[in-house]
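Report on the structure given below.
The values are calculated or read from the model by the stated rules, or taken from the named source; none is laboratory data. Quick caveat, the model's predicted, so the values are computed rather than measured. Here the Cβ is made from the backbone with ideal geometry for all residues, glycine too, and neighbour counts use every protein chain on show.
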């Protein structure tokens, strides 16, 4: 048991620092949100996914440009045929060829547009990840704050019951109470110490969750933060969510991608025209050049082209249905968030009334017990009622703050920009602008390297 108390001692010390205050600056919820945004590996992972999607645009653009190949070949041949003089021969050749697609039914242009829409969908997904990261930070902050308050309440309860036990033992010595009253006080003291250990353990768990969400262990917390502003009810929130929620925006772009892919399936049935040119040189000095123009039309592929078109049509239907379903889910999420907030607010009000009544009951019971009208058990029960009421209030207060930020998240507004955290944010357009025109490394490599370095610093 002593080893467990030593392990939990760090959490108890943190609780003492947070409640009592220290000289260092207390950490606010804003500080936690900023740290979570800067330290999130999940955001880093999805930013890399977005940069990979940006490269799809670059690859699609490159399909409109000529393909240039250079070939250098050499040959050595040894003749061992008895019918002719033995010997060997060597030859070398160099060839430079270029090929350019002049017309492909619009397939490459549609591929560029589809890649750009995929980039926009991936950007929306990144905003969704940002919301999840910030909401996890809010939960982690409030869990630690709640854990600290519960440890403080449990410590106060242990001190109070210890005082009651000493008073009961004194009254037992003079014959005012029985041994049963002393045993009851001893039992409650043991239970309160057990509750304290449990509260310290919960705080230790909350600290670990905080480190995972924020990137470091919590220091001294500043307390309950200021509540962010919300719309006036569910319907205005739903109207905002339909316009701003990243899941809906992503689904909208996915519909556009599916429609463009249908156009590409149709374009695959059209003819394509390509131009080619080449020049070659042999080691003997002979040179040759050529130009060409080819027209290609696939007439039959066993029904594969029509199957691809039907598949693309099904993809459009799937994307449109997915958009409608996403809108419905987002609206449900907004309604649930507001319902949770209403419950948390009602519970907070109820627990405040409960605390006031339990405080009066405890004070009255203690006075009546001093006069002999109440038993020790009555006093201990009243103390437990007061402790339960205060614990419930701490839980309701934490629930209220999490519910408020859940409302913001359900509307798509739980972002660094909307919260006004005042820090530089990741700019997804910087990398896109650097690679969207498919730059050659030898020409624009330095510019791209600067963009990557800037992204790394952010």
Taking the range 273-298 as the region of interest, how many residues are in contact with a helix residue (DSSP H, G or I) (Cβ under 8 Å, 6 or more places away or on another chain) and touching a residue at least 40 places away in the same chain (Cβ under 8 Å)? 0
Among 250, 264, which is in contact with a helix residue (DSSP H, G or I) (Cβ under 8 Å, 6 or more places away or on another chain), within 30 Å of residue 69 (Cβ to Cβ), buried (at least 18 other Cβ atoms within 10 Å of the Cβ) and touching a residue at least 60 places away in the same chain (Cβ under 8 Å)? 264
Residue 8, sole failed condition from (1) touching a helix residue (DSSP H, G or I) at 6+ places or on another chain (Cβ under 7 Å); (2) over 30 Å from residue 428 (Cα atoms); (3) modelled with pLDDT of 90 or more: (3)
Taking into account only those residues within the range 197-229 that are in a loop (DSSP other than H, G, I, E, B) and in contact with a strand residue (DSSP E or B) (Cβ under 7 Å, 6 or more places away or on another chain), which is modelled with the highest pLDDT? 218
Restricting to the range 153-196, what's the tally of residues that are outside any helix (DSSP H, G or I) and either under 14 Å from residue 378 (Cβ atoms) or touching a strand residue (DSSP E or B) at 6+ places or on another chain (Cβ under 6 Å) (or both)? 1
Would you confirm whether any residue within the range 236-244 is modelled with pLDDT of 90 or more, assigned to a helix (DSSP H, G or I), within 23 Å of the chain's Cα centre (by Cα) and more than 30 Å from residue 38 (Cβ to Cβ)? yes
Qualifying residue in the range 158-179 (condition: under 30 Å from residue 414 (Cα atoms) and at pLDDT 90 or above): no
Members of the range 50-72 found to be loosely packed, with under 13 Cβ neighbours inside 10 Å and out of contact with any strand residue (DSSP E or B) (no Cβ under 8 Å at 6 or more places or on another chain), listed by number: 52
Looking for something within 41 Å of the chain's Cα centre (by Cα), at pLDDT 90 or above, under 30 Å from residue 207 (Cβ atoms) and part of a helix (DSSP H, G or I) - is there at least one such residue anywhere in the range 47-70? yes
Restricting the range 351-379 to residues that are over 46 Å from the mean Cα position of the chain (by Cα) and touching a residue at least 40 places away in the same chain (Cβ under 8 Å), the residue that is nearest to residue 176 (Cα to Cα): 372
